[in-house]
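Where a number appears in this text, it was derived from the coordinates with a stated rule and is not lab data. A quick note: this is a predicted structure, and the numbers were derived from the prediction, not measured. Because the Cβ atoms are built from the backbone with ideal geometry, glycine has one as well, and the counts that use them run over all protein chains shown.
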C-alpha cells in the first residue's frame with residue numbers, strides 16, 4: 001500500500017515573528033511512518049515543523065501552516081490507498097496576519113480568531129475508495145468525543161489518546177470503529193504502538209482488499 005501520513009504541529013502566524021502552535025513533537029506520526037516502511041509500504045509523510053529526523057525511504061513534504069498541510073495532503077491523497085492523520089493541526093488562526101512585528105503599547109490587545117481548514121474532514125469527504133484513520137486527543141469523555149469526531153469527519157477508524165502523549169516517548173491509545181467499539185488497545189513506546197497499529201492494518205485492510213478483488 002501507499003500510505004499518506006500527517007505528523008507534527010502546524011503554526012498560525014500573528015505577525016511575521018510570532019505564531020500560535022502546540023507542543024506536538026511529531027514522534028507518533030514519525031513512528032507510524034517508520035513502522036509502515038518496515039512493513040514494506042510506501043509512505044508520503046506530510047510534516048509540520050519538528051526537531052526529529054524523518055525515517056529513511058519515505059517522501060517527506062514539509063509544511064508550516066494548516067493551509068499548507070491541507071494543500072500537501074490534497075496533492076498526494078489521490079496516489080494513496082489511505083491516510084493516517086496523526087498531525088496536531090491548529091484549530092484556529094488570526095483573522096488577519098500583521099505585517100512586521102506587533103510592538104508593546106502598554107495596552108491590552110484583542111485578536112480575532114477564525115477556524116482553520118479542517119484537513120481531516122476534507123480528506124474524509126473526498127476519500128471514495130480510500131480508508132481514513134484520524135487521531136483524537138481527548139482530556140474528557142474521550143470515547144464519546146472521539147466517536148463524534150470519527151463520524152463528523154467520515155473516518156473509518158480513529159485513534160484516541162490523551163494529553164499525556166504530547167512530547168512523550170510513550171503513548172496509550174484506543175482504536176475505535178464507527179460503531180464506537182474499541183477494536184484494539186495499545187500502550188508503550190510510540191514505535192511499539194505504531195507497529196501494533198500497522199500490524200492491525202495489514203491483517204485487516206490488506207485482507208479485506210484481497211477479498212474484495214476476488
Exercise for the section: With the Cα gyration tensor of the chain in hand, convert its eigenvalues to equivalent ellipsoid semi-axes via √(5λ) and list them largest first in whole Å. Expected result: 31, 18, 17
Handout entry: Angle in degrees between helix 66-77 and the longest Cα principal axis of the chain, rounded to the nearest 10
Key = 30 degrees
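Multiply the residue gap between residue 104 and residue 203 by 0.36 nm, knock off their C-alpha separation, and tell me the result in nm, one decimal place.
Taking 0.36 nm per residue and subtracting the Cα distance, the gain is 29.9 nm.
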Practice task
Round to the nearest 10 and give me the degree value, 0 to 90, for the angle of helix 142-152's Cα axis relative to the longest principal axis of the chain.
Solution key: 90 degrees
Completion exercise
Where a ≥ b ≥ c are root eigenvalues of the Cα gyration tensor, a/c under 1.5 meaning rounded, otherwise prolate if a/b exceeds b/c and oblate otherwise, region 106-214 counts as oblate
Exercise for the section: Determine the percent antiparallel among the DSSP beta bridges restricted to the chain, to the nearest 5. Expected result: 40 percent
Problem - Förster radius 30 Å - calculated FRET efficiency between residue 185 and residue 125 (Cβ-Cβ, nearest 0.05) - result: 0.55
Exercise for the section: Which order do the peptides 72-85, 146-159 take when ranked by the mean count of other beta-carbon atoms within 10 Å per residue, highest first? Expected result: 146-159, 72-85
Completion exercise
Heads up, region 21-69 by the C-alpha gyration tensor (a ≥ b ≥ c square roots of eigenvalues; a/c under 1.5 rounded, else a/b over b/c prolate, else oblate) looks prolate
Exercise for the section: Calculate the length of the line joining the C-alpha centroid of region 107-177 to that of region 178-202, in whole Å. Expected result: 16 Å
Practice task
Count the DSSP beta bridges whose two residues both fall in region 101-214, then state the antiparallel fraction as a percent rounded to the nearest 5.
Solution key: 65 percent
Practice task
Please sort 28-39, 50-61 by packing, taking for each peptide the average over its residues of neighbouring beta carbons within 10 angstrom, highest first.
Solution key: 28-39, 50-61
